[in-house]
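The structure under discussion appears below in the form of structure tokens.
The values are calculated or read from the model by the stated rules, or taken from the named source; none is laboratory data. Treat the numbers as computed from the prediction; the structure is a model and nothing was measured. Counting neighbours? That spans all protein chains shown, and the Cβs are built from the backbone with ideal geometry, glycine included. The area values use the complete protein model at the heavy-atom level, side chains included, leaving out ligands, DNA and RNA. Shrake-Rupley method; radii C 1.70, N 1.55, O 1.52, S 1.80 Å.
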Amino acid sequence: MTRLLIAVCLLWAGLQGHAAAQDNSRVALIIANSEYAGYSPLTNPATDAALIANSLRQAGFGVVEMKDNLDNGAFRAALGRFQVQARSAQVALVYYAGHAVEVGGRNWLIPTDARLASDEELEFQAIDANLLINATSSARARIVVLDACRENPFIGRMRNLSGTATRAASSGLAGASTDKVRGTLLMYSAGPGQLAADGVRGQASPFARAFAQYVSTPGLELRLAAGKISDAVHSETDGRQTPWVSSSLSGDEVYLVAPVTVSVAAANPDTAPKSATVTTPTTPAVAFDTRALELAYWQRCCASADATDADFAGYLAKVSRGDFPGTFADLARPARPRPAVQPPAGQPAPSPAAGPRPLTLGQTVTAALEPAGTRDSDNVLYQDYEIRLAANQNVEFALDARDFDTLVRFGTGTGAAFREIKSDDDGGEGVNARLRVSAPSAGTFTVRASALNNTMQGGFTLASRTFTPSPPPTTRPLAVGQTVSGTLADGGSRLEDGDKLFHQYGLTVRTGERLKIEAQSTAFDAVMELGRLAAGGAYEQIKTDDDSAGNNNPRILAALEPGAYLVRVHGFDAAAAGVYTVRADRVPPPAAAPQPTRLGVGAATQGTFTETSPVINGFKPYNYYVVAGRAGQTITVTMMADFDSYLDVGAFTAGGFAVVASDDDSGGGLNAKLTFTFSETGEIFIRASAVQEGVTGVYTVNVL
């Protein structure tokens with residue numbers, strides 16, 4: 001019997017490929033802006049984005065959300081929703097293709113409705129590229145790709161209408177730092193000041209093609225993949241374009257696709273495929289070494305002279321839970337010396353403290369962090385303020401700045417003697433900080449107005465005011481089969497993250513139950529979380545959703561271990577309020593795996609997904625088809641439906657269904673389409689499925 005060896009790597013139309021097992025802990029947001037009001041459309045973003053999205057699905061990303069032609073509001077809303085998805089993710093990736101400008105060292109992405117008359121309007125009409133990093137900040141590993149270094153028609157218009165150029169504007173983007181969020185890889189399609197080549201009309205750009213090839217190559221470490229992408233584009237463009245990378249990833253190796261070898265037996269046209277073997281590596285798709293993670297955590301939280309007792313206690317708690325091996329446990333325990341961090345090479349040593357300034361409750365002060373100002377042991381600029389508070393007095397501190405990312409810290413002592421009690425980075429609007437505290441005792445406390453890292457400076461305002469804390473949540477009962485109504489209103493419980501009103505429900509899950517939980521509201525954009533109480537009573541999120549039920553309403557499908565769970569309903573932002581309903585229902589058990597339906601070339605068949613259809617990856621319905629072909633024969637398979645369809649081509653092995661090619665939307669709209677060439681006479685299997693969980697409806701599969 002002839003053996004057909006399928007090398008599992010990403011190849012395109014007519015070639016064999018591999019899709020890693022889809023993993024919902026990997027999420028991606030793909031944005032392609034092509035149609036700009038008043039300007040000629042861009043030819044490549046949509047093509048590039050489709051290729052990138054497909055490559056990420058091939059790499060095993062379980063959630064790949066594509067958005068095109070976003071105006072300002074839709075752009076910000078998409079980032080906000082993705083930030084919710086990324087909270088429980090291992091890997092989060094955002095890719096943007098479209099127009100962008102660089103002004104004064106800051107990169108701005110241009111929504112489709114922007115009508116920029118001057119560079120001063122960027123704050124209001126454009127998207128700060130740092131918001132893409134913020135949207136991924138809760139994930140363990142973060143990737144941001146800016147494919148936006150195109151020749152830009154906005155530049156000339158801005159310069160012409162603004163009269164004088166107070167800040168330099170250019171089409172190429174400025175290099176940025178990933179210091180803001182450790183564990184981030186930031187990649188530009190071209191180096192600082194360069195323009196990216198679009199390539200041949202109708203085909204993907206050199207950068208998109210290189211990215212798609214290497215990001216899903218099995219066994220290729222992420223940073224090495226970035227280097228190969230850069231080399232490939234540099235070579236193809238004869239040095240005119242060199243992608244640029246900034247990384248703050250730790251020393252852990254990060255693999256998006258681990259190496260896999262699949263051996264599949266060839267078959268005669270009327271013979272089913274024989275058994276085969278699957279070899280999988282011991283290295284996981286995303287490999288994190290606990291010692292490297294521990295070192296990164298220690299350097300970030302505990303290796304500074306400003307480290308607090310709470311920082312050391314947090315580290316020791318992670319050691320006791322088994323998260324870290326305890327390399328620095330002796331240093332973290334009380335009465336041990338704390339090692340100081342030396343200033344970076346070429347930067348001045350920490351400056352002497354200038355002394356705290358007074359701050360009274362209800363006061364707003366205006367000041368600036370200047371290069372000659374006070375710096376901490378990490379060489380970050382700061383200014384201390386002293387405020388007197390009564391015991392248990394509730395105070396909010398808002399630190400706002402236009403030119404840098406703010407960090408507000410509350411504690412005791414000043415200068416090198418400062419000891420933090422609580423801090424906040426992005427609790428306010430954008431990258432501004434907002435911190436709410438309850439004074440632990442009567443006395444004088446320190447509020448530290450700080451930049452987030454040692455490259456930042458500029459003017460700021462610091463406001464102090466009292467606030468009334470929200471009441472603790474009441475856990476209301478939610479039974480399976482029950483619809484419950486509620487109203488989010490001022491005075492109710494609020495989440496610490498984003499100050500959002502929320503309600504909490506208790507849900508008991510029995511053995512073997514599969515549940516669908518939906519919230520509905522016409523008053524606000526609803527978000528729902530499913531979680532539970534972890535050891536120690538802390539809330540632990542399991543799953544979250546924003547709009548899977550349609551019309552900005554959330555739906556969560558879950559197969560859970562028996563026990564007690566919590567369902568939280570809240571709005572997308574702090575202003576969300578109004579009436580809603582929430583309901584939990586049992587989902588019928590899925591049918592067994594289907595027998596493949598044989599299709600001939602030129603045939604079409606119709607199928608229906610129902611609540612009881614067989615499912616993969618939790619709740620995604622699917623069906624199998626088999627097509628016979630001759631060596632060298634090429635077939636094209638399409639799947640058309642009112643829902644977002646998905647096609648896999650592969651073979652059955654001892655380890656299950658081995659995918660060799662996949663597609664989501666090459667058929668236009670929500671339709672899937674892929675082309676496959678038989679290397680030998682035999683059979684290939686087609687799996688028709690859906691992108692989203694819980695889909696029902698009719699679909700059509702064609703083989704041509």
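Things to note:
- Total residues in segment 345-372, condition at pLDDT below 90 and either under 18 Å from ASP405 (Cβ atoms) or touching a Pro at 6+ places or on another chain (Cβ under 7 Å) (or both): 3
- Conditions (1) part of a loop (DSSP other than H, G, I, E, B); (2) at pLDDT 85 or above; number of the one not met by LEU15: (2)
- Failed condition for GLY459, given (1) surrounded by 16 or more Cβ atoms within 10 Å (Cβ to Cβ); (2) under 31 Å from the mean Cα position of the chain (by Cα); (3) not charged (D, E, K, R): (1)
- Flag for GLY550 being small (Gly, Ala, Ser), exposed (fewer than 14 other Cβ atoms within 10 Å of the Cβ), touching a Leu at 6+ places or on another chain (Cβ under 9 Å) and more than 18 Å from GLN504 (Cα to Cα): no
- Residues satisfying the stated conditions in segment 574-600, i.e. surrounded by 15 or more Cβ atoms within 10 Å (Cβ to Cβ) and assigned to a loop (DSSP other than H, G, I, E, B): ALA576, ALA577, VAL587, PRO590, PRO596, LEU599
- Flag for GLY415 being modelled with pLDDT under 90 and either among the charged types (D, E, K, R) or open to solvent by less than 50 Å² (accessible area, probe 1.4 Å) (or both): yes
- Near pairs, Cβ below 7 angstrom, 6+ apart or cross-chain, from segment 418-429 (in contact (Cβ under 8 Å) with a residue 60 or more places away in the chain) to any residue that is basic (Lys, Arg) and open to solvent by 40 Å² or more (accessible area, probe 1.4 Å): GLY427/ARG434
- Residue within segment 109-123 that is in contact with a helix residue (DSSP H, G or I) (Cβ under 9 Å, 6 or more places away or on another chain) and in a strand (DSSP E or B) present: yes
- Out of ASP384, ASP405, sole residue that is in contact (Cβ under 8 Å) with a residue 60 or more places away in the chain, within 25 Å of the chain's Cα centre (by Cα) and over 21 Å from SER470 (Cβ atoms): ASP405
- SER521 vs. criteria more than 30 Å from PHE404 (Cβ to Cβ), of a type in the set (Ser, Thr, Tyr) and touching a Phe, Trp or Tyr at 6+ places or on another chain (Cβ under 7 Å): yes
- Hey, SER423 of a type in the set (Ser, Thr, Tyr), assigned to a strand (DSSP E or B) and surrounded by 16 or more Cβ atoms within 10 Å (Cβ to Cβ) or not: yes
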